[in-house]
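Novice: Below is a structure I'd like to ask you about.
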């Protein structure tokens, strides 16, 4: 296994572990799209593990498809992990968010 594949595998494992700890509230519902992004997406996409996804004008349908099916090192998230309503909200949030300010 080459080092790039190993890095991708480790990133996928880290994402799955994080997703297992990131969950909706006690009623099983996410409080907001921002909460989903912060607890699930941001774990990798704001930590330079996954690519930056804000500020890229990605279509919500594209985002939803990637979340449900996975892509390369990113695992798929089931409806039981991120329900359809929460996914639609976070896809809209990401598609309309400006790029994050560069960190120094």
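Novice: Which residue, of 70, 55, is out of contact with any helix residue (DSSP H, G or I) (no Cβ under 9 Å at 6 or more places or on another chain) and either modelled with pLDDT of 95 or more or at positive phi (or both)?
Specialist: 55
Novice: Considering only residues that are assigned to a helix (DSSP H, G or I) and over 9 Å from the mean Cα position of the chain (by Cα), which ones fall in the stretch 29-46?
Specialist: Result: 33, 34, 35.
Novice: Sticking with this structure for a sec: Collect the residues in the stretch 59-104 that are part of a loop (DSSP other than H, G, I, E, B), more than 18 Å from residue 48 (Cα to Cα) and touching a residue at least 40 places away in the same chain (Cβ under 8 Å), keeping them in residue-number order.
Specialist: 77, 81, 82, 83
The values are calculated or read from the model by the stated rules, or taken from the named source; none is laboratory data. Please read these numbers as outputs of a predicted model, since none were measured by experiment. Here the Cβ is made from the backbone with ideal geometry for all residues, glycine too, and neighbour counts use every protein chain on show.
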